[in-house]
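To start, the structure itself, in structure tokens.
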Amino acid sequence: MFICACSQTGLGQMITGHRGASHDAPENTLAAFQLAWEQGADAVEGDFYLTADSHIVCIHDADTLRTSGIKKIVAKTTLDELRQLDAGAWKDPRFKGERIPTFAEVMQCIPAGKTFVIELKTDPAVVPVLEKELKRLQPDPSSLLIIAFNAETIAACKKAFPEIKAHWLTSFKRSNGIGPWAPAAKQIIDTVKNTGADGVGLRGERAVIDRSFIEKLASGGVNDFHVWTIDSPADAQYFKELGASGITTNRPAYIRQTLEGGN
């Protein structure tokens, strides 16, 4: 889900395709990523796990059931076994034959001037493998943003490759649906500082994120924030007005058109 601080368009926000153009194509496939670029996304986000034989592959869930119809635990399955699965037909027959991409394949599909957002779904064990892949592939560090819910993973990434921006991710919860939302702004500020993160990715919860909340983050030095996953024009406009540096959406063309039209 996410975004770099600087915009490549006149919007002031980077529009990021969530798992690619996942409203129209099978998520986390090369087809979805290519479509997102064609739809005018500034950035594309993909999710990554480690396989049993220490390859990094692009998939959101810990297993393959939802997107292939066959259940295999990614961490307990080899790359060759995963590559035999069809990751596209579940969405539409025309995507039959799409495979679970490798990290290398994804890095090779980033157009000039665009950003790829790497969401790491694992603990810090992935970082040494990622470091080797980055050294081998030599992508432009400015074209990448690393994101993760695991604060230790973000800290490890900033230590291993400080030249690549990294954002800590968080959603918001309330105990039994009542009481204060967590994490509070101070908790977010502390986590960003402790991990060395360059910013934060927030679930787009309008009950929590208002002008006061953003001002609290800014007062603690957290000025770069993006929101996910925003498919509503009203929500996109709301977060644009709050100064979000990026908006992650399943529908990049639709949200871009909405914001550029001022609707």
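The values are calculated or read from the model by the stated rules, or taken from the named source; none is laboratory data. On a predicted model such as this, the values are computed, not experimentally measured, just so you know. So basically every Cβ, Gly included, is an ideal-geometry build from the backbone, and we count neighbours across all protein chains shown.
For the reader, a short list of remarks on this structure follows.
- Residues of the range 189-206 that turn out to be within 25 Å of H18 (Cα to Cα) and either basic (K, R) or assigned to a loop (DSSP other than H, G, I, E, B) (or both), as a count: 7
- Some residue of the range 108-115 being assigned to a loop (DSSP other than H, G, I, E, B) and crowded, with 24+ Cβ neighbours inside 10 Å: no
- Residue in the range 200-215 that is hydrophobic (A, V, I, L, M, F, W, C), in contact with a Leu (Cβ under 7 Å, 6 or more places away or on another chain) and free of Cβ contacts under 8 Å to residues at least 60 places away in the same chain present: yes
- Qualifying residue in the range 40-61 (condition: free of Cβ contacts under 8 Å to residues at least 40 places away in the same chain, surrounded by fewer than 24 Cβ atoms within 10 Å (Cβ to Cβ), not hydrophobic (A, V, I, L, M, F, W, C) and not in a loop (DSSP other than H, G, I, E, B)): no
- Residue satisfying all of: in the range 216-228; touching a residue at least 12 places away in the same chain (Cβ under 8 Å) and out of contact with any Lys or Arg (no Cβ under 8 Å at 6 or more places or on another chain); farthest from I189 (Cα to Cα) among these: H226
- In summary, E163 fulfils each of the numbered conditions (1) among the acidic types (D, E); (2) free of Cβ contacts under 8 Å to residues at least 12 places away in the same chain; (3) closer than 30 Å to E38 by Cα with the single exception of condition (2).
- Entry remark, the range 174-201: residues being among the charged types (D, E, K, R) and exposed (fewer than 13 other Cβ atoms within 10 Å of the Cβ) number 3 in total.
- Taken over the range 168-188, the criterion of being in a helix (DSSP H, G or I) and closer than 18 Å to I147 by Cα is satisfied by Q187, I188.
- Residues in the range 207-251 that are assigned to a helix (DSSP H, G or I) and small (G, A, S) were compared, and the one that is surrounded by the fewest Cβ atoms within 10 Å (Cβ to Cβ) is S212.
- Filter result for E98 (in a helix (DSSP H, G or I) and in contact (Cβ under 8 Å) with a residue 24 or more places away in the chain): no
- Scanning the range 62-79 for residues being surrounded by 15 or more Cβ atoms within 10 Å (Cβ to Cβ) and either touching an Asp or Glu at 6+ places or on another chain (Cβ under 8 Å) or closer than 20 Å to T115 by Cα (or both) gives a total of 5.
- Any hit, the range 4-26, residues being surrounded by fewer than 23 Cβ atoms within 10 Å (Cβ to Cβ), under 24 Å from F149 (Cα atoms), in contact with a strand residue (DSSP E or B) (Cβ under 9 Å, 6 or more places away or on another chain) and at pLDDT 95 or above: yes
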